[in-house]
Amino acid sequence: MNWLECCLVLIVAAATTIATTPLAHHIACSFDAIDYPSSRRVNTHPIPRMGGIAMFLGMVASIVFILIGVHFWGFSNPFRNYLGYHINYPLLACGLVVMFGTGVVDDIRNLHPLTKFFWQIVAACLMAASGLLLTNIQNPFDAGGFINFGFFAYPITVFYLVAFANIINLIDGLDGLASGITAISTAAIFVFAVFASRFEAAMLAIILIGVCVGFLKSNFYPAKIFMGDSGSLLLGSSLGVISLFAVARSTLFISLLVPILAAGVPIIDTFATIVRRKRAHQSIGQADKGHLHHRLLRSGYSQRTTVLIMWAWTAVLSICAIILAESDGIMRLLAIIIAAVVTAFIVFHFHLLEPALRHHFNPREPKK
């Protein structure tokens, strides 16, 4: 893989996203896709929410640039079939477009959660049908053996992709939070992909990093535009796809933990959200202000500081993920301990599980 090519692709992705953000802003205003201040929102003035359009255009421009480079400038082709893959890239792209389109419609019309979930599944099915599947994992109890999923590789992959789309969607609550976390998590996957010689994953990771960095110019506090569901679903599903390219058919069981640990912050927040809302007998899709970033704000931190704290937490987990995958012995144990200690401190210090645990500390009084 040529590092100059990577730098050029990164620049194209970031520059295109920056250049087309005003267009996304205009389209959002035209369709009244605007987040107005409300009791469950943090913003204090109306902000357009279709920044995902600029991200999508940044991705398209980057891929076109790569294809032009392959045909005319001698770029290495990241879309060849590696390691036994036979990927239908047009079908994979269709899945991402459907996921992005679902977000666009939701930004404009506020889809019913079940309708939005249905189209997320459709998009993930298209991506799985492209041949990008989590087909097996190394048996952790048998160094030379594998656990083959067979037909179940399809539903497992669909679940994996839909889950990644939604963890980014749920964490998108503050200026620059989701785009920064996605960029940091993707950077970890990029490093792992380079070490593992997964060149398609590395190049796709570069595109996603560039798009996120470019969008942060207008999205970091104080934000001029939000990514909306069009952006969060696109970023989440793209992160899922890239991680599959990086870890699928890996000979190391531990490699499967890299994307999970790198995306640990939104995964933990999503898990806590599900527990919290189920505990309150609420729909999982019902918005609330119990996310970690809301708790940090209530603790007195500013939006900017809150976002930086969560970026730093993501960076720590991402570094630990790389150490975990690329080392052994004491270093691997140290990475596990650091990740666990930092995560436990933040979760319990800011009472992330408080709604689920409150009944243990404040038992209900017996009925009279």
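Here are the numbers for this structure:
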quantity	calculated
FRET efficiency, 1/(1 + (r/R0)^6) with R0 25 Å, evaluated for Phe271 and Ile121 via beta carbons	0.75
Distance between segment 201-226 and segment 299-351 - C-alpha centres, whole angstrom	22
Residue-span extension gain [Tyr221 to Ile330] - 0.36 nm each, minus C-alpha spacing	35.3 nm
Label-point separation, Ile156 to Phe79 (7 Å along Cα→Cβ), nm	2.8
Two-site label geometry, Ser30 and Ile337: point separation in nm, points 7 Å out along Cα→Cβ	5.8
Per-peptide average of other Cβ atoms within 10 Å, ordering 218-227, 299-308, 319-328 highest first	218-227, 319-328, 299-308
Peptides 24-32, 240-248 ordered by average Cβ neighbours within 10 Å, highest first	240-248, 24-32
Segments 150-158, 48-56, 118-126 sorted - mean Cβ within 10 Å per residue, highest first	48-56, 118-126, 150-158
Value of relative contact order over segment 3-256, rounded to a whole percent, pairs C-alpha under 8 Å and six or more apart	29
Sites Tyr89 and Phe345 - FRET efficiency at Förster radius 41 Å, r taken between beta-carbons, to 0.05	0.45
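Read the figures in this text as sums done on the coordinates, not as results from a lab. Computed from a predicted model, the values in this text were never measured in an experiment. Please note: Cβ atoms are built from the backbone with ideal geometry, for glycine as well, and neighbour counts cover all protein chains shown.
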